[in-house]
Amino acid sequence: MTEAAGQSSPALAGKVAVVTGGGRGIGRAIAIALAQAGATVAVNDLPGSADLDSTVAEITAAGGKAVACAADVTDLAAVEAAVAQLVKSQGKLDIAITNAAYSDREPFHTADMAGFHRTMDVTMWGTFHMFRVAAASMIATQTQGCLLAISSPHAEVPVPRAMAYNMAKAAVDQMARTAAIELAPHRIRVNIIHPGWIDTPGERKFFTEEQIRDSATRLPWGRL
């Protein structure tokens with residue numbers, strides 16, 4: 001960090017980041033934190049998402065730098081176009097965080113296959129698409145950047161009624177490990193984070209407020 005008027009610059013000043021699924025939950029918190037650290041943040045979510053607009057508005061209202069990056073991560077061409085526009089406007093991409101995910105909870109032998117495939121498409125292929133496009137951009141601009149996958153303990157723990165999500169997150173981990181080896185010569189770092197149980201709107205899809213409150217007391221910290 002550089003010094004100016006006796007104060008250090010924000011840790012990520014001058015950096016450009018994109019966060020998939022950045023409209024709410026973990027992605028929203030990451031986008032806000034990146035902006036607070038000085039980065040220009042491209043908040044990605046589905047086109048027409050009210051969550052996307054509200055996250056961008058919250059960051060800019062607080063004095064941060066944020067732009068909307070609407071694209072369906074399951075569509076490689078859409079991700080390519082979105083990143084190309086971002087790099088055109090900002091000059092580079094330093095950080096790509098793949099957070100977008102989808103999940104249903106059903107026994108695999110009776111699961112609705114549309115939801116099963118949707119889980120794989122968003123959680124696994126969405127991560128791959130952003131990894132692929134972001135890495136190619138960083139290599140082309142000679143940016144020694146960072147790819148970060150928000151994975152899950154589901155990658156290692158076979159949680160019942162969540163086979164598609166378990167499969168997808170396990171694939172994400174192996175994807176990130178492989179990318180780390182391939183991108184090391186370009187000095188592009190690749191990391192994985194396994195968040196524990198986080199208090200997000202998505203948890204309300206599977207649990208009641210009472211279930212969340214009661215189960216959370218058994219966590220080491222005593223809460224989500």
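Figures for the structure shown
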{"item": "Unmet requirement for ALA162, which otherwise passes all of (1) in contact with a His (Cβ under 9 Å, 6 or more places away or on another chain); (2) open to solvent by 70 Å² or more (accessible area, probe 1.4 Å); (3) in contact (Cβ under 8 Å) with a residue 40 or more places away in the chain", "result": "(2)"}
{"item": "Tabulated pairs, segment 43-58, first part of a loop (DSSP other than H, G, I, E, B), second open to solvent by 20 Å² or more (accessible area, probe 1.4 Å), C-beta under 6 angstrom, 6+ apart or interchain", "result": "LEU46/ASP72; PRO47/ALA70"}
{"item": "Filtered residues of segment 37-52 (kept if open to solvent by 60 Å² or more (accessible area, probe 1.4 Å) and under 17 Å from the mean Cα position of the chain (by Cα))", "result": "LEU46, PRO47, ASP51"}
{"item": "Count of segment 180-211 residues which are under 16 Å from THR143 (Cα atoms), surrounded by 13 or more Cβ atoms within 10 Å (Cβ to Cβ) and of a type in the set (Gly, Ala, Ser)", "result": "1"}
{"item": "ALA111 vs. criteria in contact with a Lys or Arg (Cβ under 6 Å, 6 or more places away or on another chain), hydrophobic (A, V, I, L, M, F, W, C), over 23 Å from VAL83 (Cα atoms) and open to solvent by less than 30 Å² (accessible area, probe 1.4 Å)", "result": "no"}
{"item": "Odd one out for ALA77 among (1) over 18 Å from the mean Cα position of the chain (by Cα); (2) touching a residue at least 24 places away in the same chain (Cβ under 8 Å)", "result": "(2)"}
{"item": "Any hit, segment 17-35, residues being outside any helix (DSSP H, G or I), surrounded by fewer than 24 Cβ atoms within 10 Å (Cβ to Cβ) and at pLDDT below 95", "result": "yes"}
{"item": "Residue in segment 111-128 that is modelled with pLDDT of 95 or more and under 21 Å from ALA13 (Cα atoms) present", "result": "no"}
{"item": "Matching residues in segment 7-34 - criterion: being of a type in the set (A, V, I, L, M) and either over 17 Å from the mean Cα position of the chain (by Cα) or farther than 23 Å from GLY196 by Cα (or both)", "result": "ALA11, LEU12, ALA13, VAL16, ALA17"}
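The values are calculated or read from the model by the stated rules, or taken from the named source; none is laboratory data. Bear in mind the structure is a predicted one, so any value in this text is a computation, not a measurement. Positions of Cβ are backbone-derived with ideal geometry, glycine not excepted, and every protein chain shown enters the neighbour counts. Quick note on the areas: whole protein, heavy atoms, side chains included, nothing else; ligands and nucleic acids left out. Shrake-Rupley method; radii C 1.70, N 1.55, O 1.52, S 1.80 Å.
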